[in-house]
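Engineer: Take a look at the following structure, please.
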Amino acid sequence: MRAWMLAVPLLVGCGGEEDKAGGSDTDNASPSEADADTGRGGCAGDSHDTGNCSWAALDEACTPTFELDLQDDGPGGQLFVDTVQDPEAFVQAFGRRVCRVLYREASEVRAANHIKLIIKEDEIPGWKSGDVGNITVMISSSHLLNVQSAGGDVEAELAGILSHEMTHMYQNDDKAEGEGGYTNLGNVIEGVADAVRIRLGYTPTGAQPSKSGVWDDQGYWKPAFFVLWVDNEYPDFIYQLNQSMVSGDGVAWMPDSFLSITGRSVDDLWSDYQVAACCSGSEHACCM
């Protein structure tokens, strides 16, 4: 098999840091159900229905144009080709699923309208670069081969990495000039990305709630499970948290947003979460 590039500008929608993401449990939702209602999200038929949003408009805003850069012409690249029959549809479906967690209206979605997916040999499972208009996501073919060798679900792993990295593509991140001053903002952003990944059914392999220290002294799993627990206690919290991080609004994001959204301070919520048996160890009933 030779290296090749596929550019597919079929559906125009809306919307150089590195970010690691990798490892999915194998008992997750099927990627073939990628356009299914997530059970959250606030549109018709949802338990969190706000009565004022449309999946159709939101989905259109979150279906980016797509470009595939397949740089691995060896076994890893072939594994990707064999696993994903229609890369464009696969990637675009996850854009829509991510946005159904983060947004309610098409007008709210940041203008991330093109994604280039690179498949190559790399020590890092996945990363995202670029901002707003043109986004690049890399997924390591070496990592996919390792997943296969370990008996893992390669398609679910691809779905998990895409869920995380495409959250970074679409999420608000408070990065405008004069904003982004909160010390642990990077950990919070990574936590939201993993929270969306877990909500969509692709929990990272080995991920478990951690309740020591403070809620955002680490990124990824630790704040992710906490944010999901808060979202289950206060429906639409993730959506509202994302709205509180809009770049260019002249407001630097601070954890006081928890108080504004829920009526309780983040410290009070963290204390309750620390003793919540329904989100502890391998028990994730109230933080999915």
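We did not get these values from a lab; they are worked out from the coordinates using the rules stated. If you're wondering where the values come from, they're calculated on a predicted model, not measured in any experiment. FYI the Cβ positions are ideal-geometry reconstructions off the backbone, even for glycines, and counts take in every protein chain you see.
Engineer: Can you give the extra length, in nm with one decimal, that the chain gains between residue 78 and residue 208 once fully stretched, where that is 0.36 nm per residue apart less the Cα-Cα distance? Mind dumping the intermediate values first?
Structural biologist: Numbers: separation 130, 0.36 × 130 = 46.80 nm, distance 3.25 nm.
Extending this stretch completely gives an extra 43.5 nm.
Engineer: Right, here's the next one. Amide H of residue 62 versus every other amide H placed in the peptide plane: which residues, excluding those fewer than 5 positions away on the same chain, fall under 5 Å?
Structural biologist: 14
Engineer: OK, next. Rounded to the nearest 20 Debye, what is the dipole magnitude of the range 174-288 about its Cα centre when Lys and Arg each give +1 and Asp and Glu each give -1 at the C-beta?
Structural biologist: On the way: 6 positive and 16 negative charges, 74 e Å.
Using only the charged Cβ atoms, the result is roughly 360 debye.
Engineer: While we're here: In whole angstrom, and with the biggest value first, how far do the Cα coordinates of the range 174-288 range along each principal axis?
Structural biologist: Extents along the principal axes, in whole Å: 40, 28, 25.
Engineer: With θ set to phi - 60° and the Karplus curve 6.51 cos²θ - 1.76 cosθ + 1.60, what are the ³J(HN,Hα) couplings of the range 249-257 in order, to the nearest whole Hz, using x for Gly and Pro?
Structural biologist: Listing the rounded values in order: 8, x, 10, 6, 5, 9, x, 4, 4 Hz.
Engineer: Work out how much length residue 111 to residue 288 would gain on full extension: take 0.36 nm times their residue separation and subtract the Cα-Cα distance, in nm to one decimal.
Structural biologist: Full extension of this stretch gives 60.9 nm more.
Engineer: Also, I was wondering about something else. Could you point to the residue in 234, 266, 209 farthest towards the positive end of the range 174-288's charge dipole, with +1 and -1 charges on the Cβ of Lys/Arg and Asp/Glu respectively?
Structural biologist: 209
Engineer: Taking θ = phi - 60°, what integer Hz values does the Karplus form 6.51 cos²θ - 1.76 cosθ + 1.60 yield along the range 96-112, in sequence order, with x for Gly and Pro?
Structural biologist: Residue by residue, the range 96-112 yields 5, 5, 4, 5, 5, 8, 7, 9, 10, 10, 4, 5, 7, 6, 5, 7, 9 Hz.
Engineer: Here's a follow-up. How far, in nm, would the chain grow between residue 218 and residue 121 when pulled straight, counting 0.36 nm per residue and subtracting the alpha carbon separation?
Structural biologist: Values: separation 97, 0.36 × 97 = 34.92 nm, distance 2.77 nm.
Gain in length upon complete extension: 32.1 nm.
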